[in-house]
Amino acid sequence: MTKEINPFELAQKQFDHVADMLDLPEDVRAYLRWPRKEFHVRVPLRMDNGELKIFNGYRVQHNNALGPNKGGLRFFAGETVDTVRALATWMTWKCAVANIPLGGGKGGVDVDPASLSTPEKERLIRGYVRLLWKNMGPRQDVPAPDMGTNAQMMCWFMDEYSNQVGQYVPGVVTGKPVGAGGSLGRNQATGFGIVVCIRETLKRLGMNGKGMTAAIQGFGNVAQSTAINFINMLGGIVKCVSCWDRADKASYTFYKKEGIDPNFLLSITDQYGTIDKVKAKEAGYEVLDGDSWLSMDVDILIPAALEGQIRADNVEKISKQVKILAEAANGPTMTEADEVIKKRKIFLIPDFLCNSGGVTCSYFEGVQNDANFYWSEAEVLSKLDEKMTAAYSSVYEMAQQKKVYMRDAAYMVAIQRVVDAMKLRGWV
Ligand code: GLU
């Protein structure tokens, strides 16, 4: 994300816009425009070579009217508190729109995960927990994997937290490995949910997924599981994915006319989502520049990487063929670009609805941890399908009823649910 883009300004702008539409009272706005609690920590880390380094870390708890704060923990070079604030705010709306009894939170550490060895990562996670554990817990705040973190790191988080409190507490974190309190299906849940949203959209537009084409930005966990499910569940064709190349410090788009094979690309991708260009070319892929995904002639565009990717300066590049924009990433579209999408009548599946499958499955994981009783993958995915379909319907119906843009409709549903809970609890 470029320096001029402040995701928290974007999150507040989006909120203000719908707060005006809802005529929300000033005191309620004041409550919701900012997080309720923020923690800034400096995490010391003994490096493998004996050196001591200090990393800036954050945990932001935006709102917990509906239940404990919930949201990922990122390891990201250049992480800022404003990005974490934005992501925590979007988590509040995400959990509300998904209709799960959780609030919004997010954490981040300003570190490039690829610069750390595995033992260094473990020590950094444990150090973060030691500074924050009193403010975390299944009834307080429950992190999950996000950019730069994974299931193994969540497991260390759970272990360190359990050490601190002196008892086994699997529900303090979700996205754990299966076999250490994790849920089957969690790995692919976000992509699965995105494809459910696309399926529901196609239904309403009177279209069929078979042969539909998509361009995906990114090739991390969300992009991978979206590509696989788009092909398997809908019979669609993914024309390209893109990735950040660590060595070149540049991004590339990997294109194949007849459609990419996500499982093959996965086999030549490292743990940070960088695809091997040489092997891809040998297998017949064209390697194009990093922005090419945005101007592809496809039916569906799926940004599944960072915030602020579709902006005033590149939105016009979107092909006339594009009918649906499925926001798999959090905050991929800036306000000015949003206006263009709206005018061009591209059907928008807004981020915190589109990618809510991850946190919904995290909720299922917490439920299984509480009950100490674990479900089959088929059971998880069928419950997830049901929840995502219901969330989609509530937003779509709001959009139809009030004749508003899908993003505004999602905000309306979410804000209403949070405000109702705040009123019932006597907060406003
Ligand atoms: N990090 C994911 C998100 O942005 C998942 C959050 C969670 O499972 O708590 O939605």
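The values are calculated or read from the model by the stated rules, or taken from the named source; none is laboratory data. Because the structure is predicted, anything quoted here is derived from the model rather than measured. Positions of Cβ are backbone-derived with ideal geometry, glycine not excepted, and every protein chain shown enters the neighbour counts.
Only one residue in GLY171, GLY206, GLY218, GLY179 is out of contact with any Gly (no Cβ under 6 Å at 6 or more places or on another chain) and surrounded by 15 or more Cβ atoms within 10 Å (Cβ to Cβ), so which one is that?
Numbers: GLY171 fails: out of contact with any Gly (no Cβ under 6 Å at 6 or more places or on another chain); GLY206 fails: surrounded by 15 or more Cβ atoms within 10 Å (Cβ to Cβ); GLY179 fails: surrounded by 15 or more Cβ atoms within 10 Å (Cβ to Cβ).
Among GLY171, GLY206, GLY218, GLY179, only GLY218 is out of contact with any Gly (no Cβ under 6 Å at 6 or more places or on another chain) and surrounded by 15 or more Cβ atoms within 10 Å (Cβ to Cβ).
The set of residues in segment 106-124 being surrounded by 20 or more Cβ atoms within 10 Å (Cβ to Cβ) and either under 24 Å from GLY218 (Cα atoms) or acidic (Asp, Glu) (or both) consists of LYS106, GLY107, GLY108, VAL109, VAL111, PRO113, LEU116, LYS121. Among the residues making up segment 1-29, those that are out of contact with any Gly (no Cβ under 8 Å at 6 or more places or on another chain) and either exposed (fewer than 11 other Cβ atoms within 10 Å of the Cβ) or among the polar types (S, T, N, Q) (or both) are LYS3, GLU4, ASN6, GLN12, GLN14, ASP20, ASP23, GLU26, ASP27.
To keep it simple, each residue is scored yes or no on (1) touching a residue at least 24 places away in the same chain (Cβ under 8 Å); (2) among the aliphatic types (A, V, I, L, M).
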position: LEU124; (1), (2): yes, yes
position: MET136; (1), (2): yes, yes
position: THR149; (1), (2): yes, no
position: CYS155; (1), (2): yes, no
position: GLU160; (1), (2): yes, no
position: GLY179; (1), (2): no, no
position: GLN188; (1), (2): yes, no
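For segment 139-165, which positions are over 19 Å from ALA189 (Cβ atoms) and within 16 Å of the ligand (Cβ to nearest atom)? Don't jump to the end; show me each part of the working.
In the first step, residues of segment 139-165 are kept if they are over 19 Å from ALA189 (Cβ atoms); the result is 139-141, 156, 159-165.
If the condition is that a residue be over 19 Å from ALA189 (Cβ atoms) and within 16 Å of the ligand (Cβ to nearest atom), then ARG139, GLN140, ASP141, TYR161 are the ones that fit.
Residue-by-condition table, conditions (1) charged (D, E, K, R); (2) out of contact with any strand residue (DSSP E or B) (no Cβ under 9 Å at 6 or more places or on another chain); (3) surrounded by fewer than 24 Cβ atoms within 10 Å (Cβ to Cβ); (4) assigned to a loop (DSSP other than H, G, I, E, B):
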{"residue": "ARG126", "(1), (2), (3), (4)": "yes, yes, yes, no"}
{"residue": "ARG139", "(1), (2), (3), (4)": "yes, yes, yes, yes"}
{"residue": "GLU160", "(1), (2), (3), (4)": "yes, yes, yes, no"}
{"residue": "GLN167", "(1), (2), (3), (4)": "no, yes, yes, yes"}
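Scanning segment 291-332 for residues that are within 16 Å of the ligand (Cβ to nearest atom) and over 16 Å from ALA227 (Cβ atoms) returns LEU306, GLU307, GLY308, GLN309, ASN330, GLY331, PRO332.
Of everything in segment 180-227 that is in a helix (DSSP H, G or I) and among the β-branched types (Val, Ile, Thr), the residue that is farthest from GLU160 (Cα to Cα) is THR201. Of the residues making up segment 44-74, those that are more than 12 Å from the ligand (Cβ to nearest atom) and under 24 Å from ASN221 (Cα atoms) number 4.
Out of curiosity, is ALA86 of a type outside the set (Lys, Arg) and away from the ligand (no atom under 13 Å from the Cβ)? Even if it seems obvious, please write down each step before you answer.
On the way: of a type outside the set (Lys, Arg): yes; away from the ligand (no atom under 13 Å from the Cβ): no.
Criteria not met by ALA86.
Scanning segment 98-117 for residues that are in contact with a Lys or Arg (Cβ under 8 Å, 6 or more places away or on another chain) and either modelled with pLDDT of 95 or more or near the ligand (Cβ under 9 Å from one of its atoms) (or both) gives ALA98, ASN99, ILE100, LEU102, GLY103, GLY104, GLY105, LYS106, GLY107, GLY108, VAL109, PRO113.
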